[in-house]
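Engineer: What follows is a single structure, and I will ask about it in a moment.
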Amino acid sequence: METLQLKVGRQDIDQQSKILWQRFGPFCEIAEWHPEVLSCTEGKEGGATFRTLSLKDGSKIKERLLSSTPLSYDYAIVDSLLPVKNYHAAFSIASKGEELDIIWSASYDAADGKSDSEARAAIDGVLREGMASISSKLSDLNLKITPARASSQ
């Protein structure tokens, strides 16, 4: 799990979380902040929402939106060359006290023929790069925040 913690005045929590969500939260917005994603195409299939990510290395990842709230979504990879299977992840903005947390977490198993360390290295790298990029883009927003810390778990 990657978490980016931001200090916000209690009175600004709701407004600041909405600004953060508008910039980083929409399902296909990942193409605007993740350094490995060139483009994202969102579409419906049989009532379900999917996104297809085109990556810098030429590969694609297809993901299905499982659920969403105004400040979070859960999704699963349905097709990918990543060394994982049973991949489920969540992206959210949560508040507690005077702090906003941007959280991106994933659970998965190593794909057949791949080691747990290969799977972990690949996914940890994806999450870490994404959160580092979000952190670097915070100054572009008109926010009343102070980055508190980033953590990996």
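The values are calculated or read from the model by the stated rules, or taken from the named source; none is laboratory data. Fair warning: this is a prediction, and the values are worked out from it, not measured in the lab. Using ideal geometry, Cβ is built from the backbone for each residue, glycine included, and neighbour counts are taken over all protein chains shown. Accessible surface is based on the protein model in full, side chains and every heavy atom, while ligands, DNA and RNA are left aside. Shrake-Rupley method; radii C 1.70, N 1.55, O 1.52, S 1.80 Å.
Engineer: Report whether or not SER67 is surrounded by fewer than 16 Cβ atoms within 10 Å (Cβ to Cβ), under 13 Å from the mean Cα position of the chain (by Cα) and at negative phi.
Structural biologist: On the way: surrounded by fewer than 16 Cβ atoms within 10 Å (Cβ to Cβ): yes; under 13 Å from the mean Cα position of the chain (by Cα): no; at negative phi: yes.
No, not satisfied.
Engineer: Looking only at residues that are among the charged types (D, E, K, R) and surrounded by 13 or more Cβ atoms within 10 Å (Cβ to Cβ) in the range 1-13, which one is nearest to the chain's Cα centre (by Cα)? Show your work before the answer.
Structural biologist: Within the range 1-13, the subset among the charged types (D, E, K, R) is 2, 7, 10, 12.
So of that shortlist, the ones also surrounded by 13 or more Cβ atoms within 10 Å (Cβ to Cβ) come out as 2, 7, 12.
Working: GLU2: 9, LYS7: 20, ASP12: 23 Å.
Within the range 1-13, the match that is nearest to the chain's Cα centre (by Cα) is GLU2.
Engineer: Do you know which residues across the range 19-41 are assigned to a helix (DSSP H, G or I) and either modelled with pLDDT under 90 or of a type in the set (Gly, Ala, Ser) (or both)?
Structural biologist: Answer for the range 19-41, where residues must be assigned to a helix (DSSP H, G or I) and either modelled with pLDDT under 90 or of a type in the set (Gly, Ala, Ser) (or both): ILE19, ALA31.
Engineer: Run down THR49, THR69, THR41 and say which single residue is in contact with a Ser or Thr (Cβ under 6 Å, 6 or more places away or on another chain) and of a type outside the set (A, V, I, L, M, F, W, C).
Structural biologist: THR41
Engineer: Okay, moving on. Hey, could you check the range 73-82 for residues that are in a strand (DSSP E or B) and without any contact (Cβ under 8 Å) to a residue 40 or more places away in the chain and say which is surrounded by the fewest Cβ atoms within 10 Å (Cβ to Cβ)? Break it down stepwise before answering.
Structural biologist: Pass one, the range 73-82, residues in a strand (DSSP E or B): 73-79.
From what's left, without any contact (Cβ under 8 Å) to a residue 40 or more places away in the chain: 74, 76-79.
Values: ASP74: 16, ALA76: 15, ILE77: 19, VAL78: 14, ASP79: 12.
Of everything passing the filter in the range 73-82, ASP79 is surrounded by the fewest Cβ atoms within 10 Å (Cβ to Cβ).
Engineer: Oh, and also: Residues in the range 46-54: is at least one open to solvent by 60 Å² or more (accessible area, probe 1.4 Å) and not in a loop (DSSP other than H, G, I, E, B)?
Structural biologist: No: the range 46-54 contains no residue that is open to solvent by 60 Å² or more (accessible area, probe 1.4 Å) and not in a loop (DSSP other than H, G, I, E, B).
Engineer: Would you be able to tell me the number of residues in the range 83-140 that are surrounded by fewer than 17 Cβ atoms within 10 Å (Cβ to Cβ) and either outside any strand (DSSP E or B) or at positive phi (or both)?
Structural biologist: 22
Engineer: For the range 17-30, give me each residue that is within 13 Å of the chain's Cα centre (by Cα) and open to solvent by less than 20 Å² (accessible area, probe 1.4 Å).
Structural biologist: Answer for the range 17-30, where residues must be within 13 Å of the chain's Cα centre (by Cα) and open to solvent by less than 20 Å² (accessible area, probe 1.4 Å): LEU20, PHE24, GLY25, PHE27, ILE30.
Engineer: Within the range 55-64, how many residues turn out to be open to solvent by less than 80 Å² (accessible area, probe 1.4 Å) and of a type outside the set (A, V, I, L, M)?
Structural biologist: Pass one, the range 55-64, residues open to solvent by less than 80 Å² (accessible area, probe 1.4 Å): 55, 58-59, 61-63.
Checking which are of a type outside the set (A, V, I, L, M) leaves us with 58-59, 62-63.
Adding up the residues that qualify gives 4.
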